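The values are calculated or read from the model by the stated rules, or taken from the named source; none is laboratory data. Because the structure is a prediction, the values reported are computed rather than measured. Because the Cβ atoms are built from the backbone with ideal geometry, glycine has one as well, and the counts that use them run over all protein chains shown. The protein model used for the area step is the full one, side chains on, heavy atoms only, and it has no ligands, DNA or RNA in it. Shrake-Rupley method; radii C 1.70, N 1.55, O 1.52, S 1.80 Å.
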Amino acid sequence: MTDNKTSPFEIPTLFIVPTPIGNLADITQRAIEVLNQVDLIAAEDTRHTGKLLSHLNIQTRTYALHDHNEQQKAQVLVDRLKKGESIALVSDAGTPLISDPGYHLVTQCRQAGVKVVPLPGACAVITALSASGLPSDRFSFEGFFPAKSKGRKDRLLEIAKVERTCIFYESPHRILDTLTDMLDVLGPDREVVLARELTKTFETIQGLPLGELVAWVKEDDNQQRGEMVLLIHGYRTDSQATIPDEVCRALGIMAKELPLKKAAALCAEIYNLKKNALYKWGLENLE
Ligand code: SAM
């Protein structure tokens, strides 16, 4: 593309263009057309995007727009759009703005009355959720965990009683520490799914109660590698309803003779139920 290319788009537009999160075939026909036809591609890492563009045989010029320069460069791009150019925004992988740059550019475009057109496409959070087996009717995307344990535990405490599925991105070098903090705050019975290397050769989607998931990840170094999404089953408020009357009666009798924790553990063993749920029921109904 040359500087004096005539834009094929009638109105100057900022296109938000998702790119693959692993498998290079996961790019839409429309995304390819837009990347071919715009005047400029604003990219998080121009070298990284250059490889995708050369794979797609696209020659459109790129412009660096990353976390460290976005606030200043966004205005430059808005000015170019207002002069009649069309621009595509891409990030290194997946959907721009989803834990990636683009927020300032989109906000400034909208404030300046520049048309913003989003293209649907690859996104790790949605890809992971769709195959996780966790409730998908309500969910919240929580981005990355804080890097330090204290911050992580605070975030976990915030979502501990949230009833919808909560989804986090995590990096491989922190996965074990994060899972350990999750175990401390959410307990061993909370169901968590680890979705790793989605769309790639070693794609793995494993869902287990936290206690078992931590052990599984610890045992196998391979599970501590690559890109990953953690999905946490929402807090279950129906635990009371699922405890049969007979068990409630037995727990009530045992709790008269034993500390509640012990009584809950015994009942859990006899009736093959979760001891945390029984203990919680006991706290709410017996003490
Ligand atoms: N914008 C991207 C999206 O739409 O998903 C996310 C960018 S964020 C900087 C990168 C994080 O997304 C990774 O650290 C990982 O948590 C998650 N991620 C990206 N690709 C992934 C994949 N193929 N499998 C699992 N997680 C992935």
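Numbers below:
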| read-out | value |
| --- | --- |
| Those trypsin sites (Lys or Arg not before Pro) in the range 1-106 that DSSP places in a loop and that have at most 13 other beta carbons within 10 Å | K83 |
| Accessible area in square angstrom per residue, the chain, 1.4 angstrom probe | 53 |
| Estimated inter-spin distance, Q71 and A131, nm [label 7 Å along Cα→Cβ] | 3.9 |
| Which of H66, H173 is most accessible, then next, and so on - probe 1.4 Å | H173, H66 |
| Trypsin sites (Lys or Arg not before Pro) within the range 202-287, DSSP loop, no more than 16 other Cβ atoms inside 10 Å | R225, R236 |
| Filtered GluC sites (Glu not before Pro), the range 33-70: DSSP coil and at most 13 other beta carbons within 10 Å | none |
| Y63 - accessible surface, heavy atoms, 1.4 Å probe, Å² rounded to 10 | 40 |
| Alpha-carbon Rg/Rh ratio, for the chain, with Rh computed the Kirkwood way | 1.13 |
| D189 versus D79: modelled label distance in nm, points set 7 Å from Cα along the beta carbon direction | 6.2 |
| For F9, solvent-accessible area (1.4 Å; no DNA, RNA or ligand), Å² | 50 |
